[in-house]
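The values are calculated or read from the model by the stated rules, or taken from the named source; none is laboratory data. Please read these numbers as outputs of a predicted model, since none were measured by experiment. Glycine also receives a Cβ, built like all others from the backbone with ideal geometry; neighbour counts cover every protein chain displayed.
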Amino acid sequence: MANKKVVFTIGSGHSGSTLLNLIIGSHSQAFGLGELITLRKIVDAEFQEHRKICGICDRNCKFWNEKVSFHVLKRHFSRAGLFATALRHNAHYYESIYQHLFRWSEANILIDSSKSEKWVRWQLQPSYHWRQMMPVLLLIMRDGRAVVNSCLRKYS
(Lines give C-alpha, C1' and ligand atoms only; values in the text may rest on other atoms or scores of the structure.)
Protein backbone atom coordinates (compact mmCIF):
# COMPACT_ATOMS: atom_id res chain seq x y z
CA MET A 1 0.00 0.00 0.00
CA ALA A 2 3.06 2.27 0.08
CA ASN A 3 2.50 3.38 -3.51
CA LYS A 4 -0.99 4.73 -2.70
CA LYS A 5 -1.41 8.49 -3.08
CA VAL A 6 -4.12 10.86 -1.92
CA VAL A 7 -4.20 14.09 -3.92
CA PHE A 8 -5.72 17.05 -2.08
CA THR A 9 -6.62 20.07 -4.19
CA ILE A 10 -6.62 23.35 -2.28
CA GLY A 11 -7.91 26.56 -3.78
CA SER A 12 -10.82 28.93 -3.92
CA GLY A 13 -14.20 28.01 -5.34
CA HIS A 14 -14.49 28.34 -9.11
CA SER A 15 -10.78 27.67 -9.52
CA GLY A 16 -11.08 24.51 -11.61
CA SER A 17 -10.75 21.82 -8.92
CA THR A 18 -13.77 19.88 -10.18
CA LEU A 19 -12.41 19.81 -13.71
CA LEU A 20 -8.99 18.75 -12.43
CA ASN A 21 -10.65 16.03 -10.32
CA LEU A 22 -12.42 14.69 -13.42
CA ILE A 23 -9.28 14.83 -15.57
CA ILE A 24 -6.98 13.07 -13.08
CA GLY A 25 -9.78 10.72 -11.99
CA SER A 26 -10.22 9.49 -15.56
CA HIS A 27 -6.84 7.74 -15.38
CA SER A 28 -7.14 3.95 -14.93
CA GLN A 29 -5.10 4.04 -11.69
CA ALA A 30 -6.97 7.00 -10.16
CA PHE A 31 -10.38 7.69 -8.67
CA GLY A 32 -11.89 11.17 -8.27
CA LEU A 33 -13.82 11.49 -5.01
CA GLY A 34 -15.18 14.96 -5.64
CA GLU A 35 -15.44 17.15 -2.55
CA LEU A 36 -15.28 14.54 0.19
CA ILE A 37 -16.02 17.21 2.79
CA THR A 38 -19.63 17.38 1.50
CA LEU A 39 -20.29 13.89 2.88
CA ARG A 40 -20.81 15.52 6.28
CA LYS A 41 -24.12 16.93 5.04
CA ILE A 42 -25.12 13.93 2.95
CA VAL A 43 -24.80 11.21 5.62
CA ASP A 44 -27.06 13.14 7.99
CA ALA A 45 -29.68 13.93 5.34
CA GLU A 46 -33.18 13.12 6.46
CA PHE A 47 -34.23 11.14 3.37
CA GLN A 48 -31.30 8.72 3.12
CA GLU A 49 -33.02 6.43 0.64
CA HIS A 50 -32.89 9.36 -1.81
CA ARG A 51 -29.36 10.50 -0.99
CA LYS A 52 -27.27 11.80 -3.84
CA ILE A 53 -23.59 11.23 -3.08
CA CYS A 54 -22.15 11.29 -6.58
CA GLY A 55 -22.51 14.55 -8.48
CA ILE A 56 -21.76 12.85 -11.81
CA CYS A 57 -23.90 9.69 -11.82
CA ASP A 58 -26.74 11.13 -9.75
CA ARG A 59 -28.42 8.34 -7.75
CA ASN A 60 -27.28 5.52 -10.04
CA CYS A 61 -23.61 5.54 -9.00
CA LYS A 62 -22.39 1.98 -8.60
CA PHE A 63 -19.39 3.08 -6.49
CA TRP A 64 -21.12 5.25 -3.87
CA ASN A 65 -24.36 3.26 -3.74
CA GLU A 66 -23.07 -0.32 -4.02
CA LYS A 67 -19.37 -0.60 -3.07
CA VAL A 68 -19.18 1.94 -0.27
CA SER A 69 -20.40 1.05 3.21
CA PHE A 70 -22.81 3.75 4.35
CA HIS A 71 -22.20 2.70 7.97
CA VAL A 72 -18.48 3.45 7.62
CA LEU A 73 -19.28 6.83 6.04
CA LYS A 74 -21.66 7.59 8.88
CA ARG A 75 -18.96 6.74 11.47
CA HIS A 76 -16.48 9.07 9.77
CA PHE A 77 -18.78 11.96 8.79
CA SER A 78 -21.98 12.05 10.85
CA ARG A 79 -22.65 15.00 13.12
CA ALA A 80 -26.08 13.80 14.24
CA GLY A 81 -26.78 12.11 17.51
CA LEU A 82 -25.50 12.30 21.06
CA PHE A 83 -22.25 10.39 20.52
CA ALA A 84 -21.55 11.42 16.91
CA THR A 85 -18.51 13.54 17.76
CA ALA A 86 -16.92 10.80 19.89
CA LEU A 87 -17.61 8.14 17.25
CA ARG A 88 -16.24 10.36 14.47
CA HIS A 89 -13.01 11.10 16.37
CA ASN A 90 -12.58 7.44 17.29
CA ALA A 91 -13.13 6.29 13.69
CA HIS A 92 -10.75 8.99 12.42
CA TYR A 93 -7.92 7.87 14.71
CA TYR A 94 -8.53 4.15 14.25
CA GLU A 95 -8.48 4.10 10.46
CA SER A 96 -8.37 6.83 7.83
CA ILE A 97 -11.40 7.12 5.55
CA TYR A 98 -8.95 7.02 2.65
CA GLN A 99 -7.86 3.49 3.61
CA HIS A 100 -11.48 2.40 3.21
CA LEU A 101 -11.80 4.30 -0.07
CA PHE A 102 -8.65 2.64 -1.47
CA ARG A 103 -10.18 -0.79 -0.74
CA TRP A 104 -13.55 0.12 -2.25
CA SER A 105 -12.19 1.83 -5.36
CA GLU A 106 -9.21 -0.49 -6.00
CA ALA A 107 -7.35 2.61 -7.27
CA ASN A 108 -3.79 3.67 -6.45
CA ILE A 109 -4.57 7.40 -6.50
CA LEU A 110 -7.52 9.13 -4.83
CA ILE A 111 -8.35 12.77 -5.59
CA ASP A 112 -10.15 14.78 -2.92
CA SER A 113 -11.10 18.23 -4.20
CA SER A 114 -12.54 19.52 -0.91
CA LYS A 115 -10.48 22.74 -1.23
CA SER A 116 -10.38 23.44 2.53
CA GLU A 117 -7.03 23.80 4.28
CA LYS A 118 -8.68 22.96 7.62
CA TRP A 119 -10.11 19.75 6.10
CA VAL A 120 -6.69 18.69 4.79
CA ARG A 121 -5.05 19.37 8.17
CA TRP A 122 -7.67 17.20 9.89
CA GLN A 123 -7.17 14.39 7.37
CA LEU A 124 -3.39 14.43 7.81
CA GLN A 125 -3.80 13.67 11.53
CA PRO A 126 -2.75 11.26 12.95
CA SER A 127 0.46 10.93 11.02
CA TYR A 128 0.74 7.14 11.39
CA HIS A 129 -2.03 6.70 8.78
CA TRP A 130 0.30 8.25 6.23
CA ARG A 131 2.96 5.55 6.54
CA GLN A 132 0.90 3.52 4.09
CA MET A 133 -0.20 6.40 1.85
CA MET A 134 1.43 9.50 0.48
CA PRO A 135 -0.43 12.82 0.59
CA VAL A 136 0.03 15.13 -2.39
CA LEU A 137 -1.12 18.74 -2.15
CA LEU A 138 -2.08 20.65 -5.28
CA LEU A 139 -2.56 24.36 -4.83
CA ILE A 140 -4.88 25.66 -7.53
CA MET A 141 -4.55 29.34 -8.30
CA ARG A 142 -6.68 31.31 -10.70
CA ASP A 143 -6.72 34.97 -11.61
CA GLY A 144 -9.06 36.65 -9.12
CA ARG A 145 -10.84 38.52 -11.91
CA ALA A 146 -11.77 35.21 -13.55
CA VAL A 147 -13.09 33.85 -10.24
CA VAL A 148 -15.26 36.94 -9.73
CA ASN A 149 -16.49 36.72 -13.32
CA SER A 150 -17.37 33.04 -12.82
CA CYS A 151 -19.22 33.81 -9.58
CA LEU A 152 -21.15 36.68 -11.15
CA ARG A 153 -22.14 34.49 -14.08
CA LYS A 154 -23.30 31.67 -11.80
CA TYR A 155 -24.87 33.74 -9.00
CA SER A 156 -26.02 36.89 -10.78
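Quick notes on this structure:
- All positions within region 103-133 that are small (G, A, S) and either at positive phi or in contact (Cβ under 8 Å) with a residue 40 or more places away in the chain (or both): S105, A107, S113, S114, S116
- Top-ranked residue of region 69-101 - restricted to ones that are among the hydroxyl-bearing types (S, T, Y) and outside any helix (DSSP H, G or I), ranked as modelled with the highest pLDDT: S96
- Residue count for region 137-156 satisfying the condition of being surrounded by 13 or more Cβ atoms within 10 Å (Cβ to Cβ) and not basic (K, R): 5.
- Any hit, region 73-80, residues being in contact with a helix residue (DSSP H, G or I) (Cβ under 9 Å, 6 or more places away or on another chain), polar (S, T, N, Q), crowded, with 16+ Cβ neighbours inside 10 Å and under 21 Å from K5 (Cα atoms): no
- One residue stands out among those in region 91-136 that are over 22 Å from I10 (Cβ atoms) and in contact with a helix residue (DSSP H, G or I) (Cβ under 8 Å, 6 or more places away or on another chain): the one that is surrounded by the most Cβ atoms within 10 Å (Cβ to Cβ), which is A91.
- If the condition is being assigned to a strand (DSSP E or B) and within 14 Å of V6 (Cβ to Cβ), then region 104-123 contributes I109, L110, I111, D112, S113, S114.
- So D143, is it at pLDDT below 85 and more than 18 Å from the chain's Cα centre (by Cα): yes
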